[in-house]
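Participant: First the structure, which I've put down as structure tokens, then a few questions once you've had a look.
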Amino acid sequence: MMALIIILIVAALVTFLLVVVSKPNNFRMQRSLTINAPAEVIYAQINDFHKWQAWSPWEQLDPDLTRTYSGAPSGIGAVYDWTGNGKAGQGRMSIREATPGHRLLIHLDFIKPFPATNSAEFLLQPASGSDGNSTVVTWAMFGPSPFMSKLMGSLMKMDDLIGKDFERGLANLKTLSEKAA
């Protein structure tokens with residue numbers, strides 16, 4: 001009887017690991033929101049890391065967060081390093097591609113609480129029928145899914161966890177941009 005229980009446990013574990021391994025090798029999650037402001041107003045908030053404190057959902061996780069800015073003041077070559085508590089972690093962002101008023105591509109290196117390298121992208125498109133006064137902002141994160149990411153993703157829905165932060169950040173960006181417009 002004990003042997004049967006052990007065989008069933010091993011079979012369940014092997015099945016679970018096979019499911020984990022069969023997951024895609026890359027991920028992409030995104031959220032979109034229409035903001036009643038021209039793309040240029042919104043772009044000014046995302047293209048300058050110094051302005052992220054006003055809207056980023058992660059900036060308030062640690063009141064003692066250490067921020068270091070280097071490289072270009074904004075746009076391609078701008079770099080933002082942060083070190084914080086367990087919630088904020090540690091990492092670096094750098095702007096790699098920038099099309100003013102349309103697209104921003106950011107390289108992300110997470111160091112703590114776990115290492116990962118991903119990309120973040122902001123796409124700004126005119127809202128239909130808005131005459132340029134409303135913009136659909138899509139914020140995406142994508143990158144490789146190594147085994148540990150696949151395993152964690154099997155135990156909790158990362159899209160739900162990070163997606164809520166993206167939704168909160170976009171809502172903050174909406175409030176800020178609509179006031180500035």
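The values are calculated or read from the model by the stated rules, or taken from the named source; none is laboratory data. What you see is a predicted model, and the numbers here were worked out from it, not measured in a lab. Methodologically, a virtual Cβ is constructed for each residue, glycine included, from the backbone with ideal geometry; neighbour enumeration extends over all protein chains shown. Keep in mind that these areas ignore ligands, DNA and RNA; they rest on the heavy atoms of the full protein, side chains included. Shrake-Rupley method; radii C 1.70, N 1.55, O 1.52, S 1.80 Å.
Participant: From the residues ILE5, PRO100, TRP58, which one has its Cα farthest along the dipole of the chain in the positive direction, the dipole being from +1 and -1 charges on Cβ of Lys/Arg and Asp/Glu about the Cα centre?
Facilitator: Among ILE5, PRO100, TRP58, the one farthest towards the positive end of the dipole of the chain is ILE5.
Participant: Starting from the Cα-Cα distance between PHE142 and ARG67, subtract it from 0.36 nm times their residue separation and give me the gain in nm to one decimal.
Facilitator: Net length gain for the segment: 24.6 nm.
Participant: Right, something else. Cut-off 10 angstrom, C-alpha nodes, Gaussian network model of the chain. Which of ILE111, ILE46, ILE76 fluctuates the most?
Facilitator: Highest fluctuation among the options: ILE111.
Participant: I would also like to ask the following. With N denoting the number of residues in the chain, provide Rg(C-alpha) divided by 2.2 N^0.38 Å, to two decimal places.
Facilitator: 1.24
Participant: Relative contact order, percent, of the chain when contacts are C-alpha pairs under 8 Å separated by at least 6 residues?
Facilitator: Relative contact order here is 29 percent.
Participant: So what is the 222 nm mean residue ellipticity for the chain from helices alone, if each DSSP H run of at least 4 adds -39500 (n - 2.57) and you divide by all residues, rounding to the nearest 500 deg cm²/dmol?
Facilitator: When only DSSP H runs of four or more count, the value is -11000 deg cm²/dmol.
Participant: Right, here's the next one. Which whole DSSP H helices in the chain pass both tests: a Cα extent of 27 Å or more along the axis and a mean Kyte-Doolittle value no lower than -1.0?
Facilitator: Membrane-span-like by this rule: 2-21, 158-180.
Participant: Scan around PHE27 for amide H atoms under 5 Å from its own, H built in the peptide plane at 1.01 Å from N, and keep only partners 5 or more places away or cross-chain.
Facilitator: The answer is GLY143, SER145.
Participant: Given the C-alpha centroids of the range 60-139 and the range 1-59, what is the distance between them in whole angstrom?
Facilitator: 16 Å
Participant: Give the carbon-plus-sulfur fraction of the accessible surface of the chain in %, rounded to a whole number; probe 1.4 Å, heavy atoms of protein chains only.
Facilitator: The value for the chain is 62 percent carbon and sulfur by accessible area.
Participant: R0 = 41 Å: FRET efficiency of LEU4 with LYS112, Cβ-based, nearest 0.05?
Facilitator: 0.40
Participant: Follow-up. With θ set to phi - 60° and the Karplus curve 6.51 cos²θ - 1.76 cosθ + 1.60, what are the ³J(HN,Hα) couplings of the range 56-65 in order, to the nearest whole Hz, using x for Gly and Pro?
Facilitator: So the Karplus estimates, Gly and Pro as x, are 5, x, 9, 5, 9, 5, 9, x, 9, 4 Hz.
Participant: Measuring with a 1.4 Å probe in the full set of protein chains, what accessible area per residue, in whole Å², belongs to the range 87-155?
Facilitator: Dividing the accessible area of the range 87-155 by its residue count gives 51 Å².
Participant: If you take the beta carbon distance between ALA171 and ALA127 as r and set R0 to 22 Å, what does 1/(1 + (r/R0)^6) give as a FRET efficiency, to the nearest 0.05?
Facilitator: The pair ALA171/ALA127 has a calculated efficiency of 0.85.
Participant: Further question on the same structure: Most mobile of MET152, MET29, MET141 per a Gaussian network model of the chain (Cα springs, under 10 Å)?
Facilitator: MET152
Participant: Which lysines, on any chain, are close to LYS157 with Cα under 29 Å apart, when same-chain ones fewer than 8 places away are left out?
Facilitator: Hits, sequence-local ones excluded: LYS23, LYS87, LYS112, LYS174.
Participant: Under a 10 Å cutoff between Cα atoms, tell me which one of ALA54, ALA88, ALA11 has the largest fluctuation in the Gaussian network model of the chain.
Facilitator: ALA11
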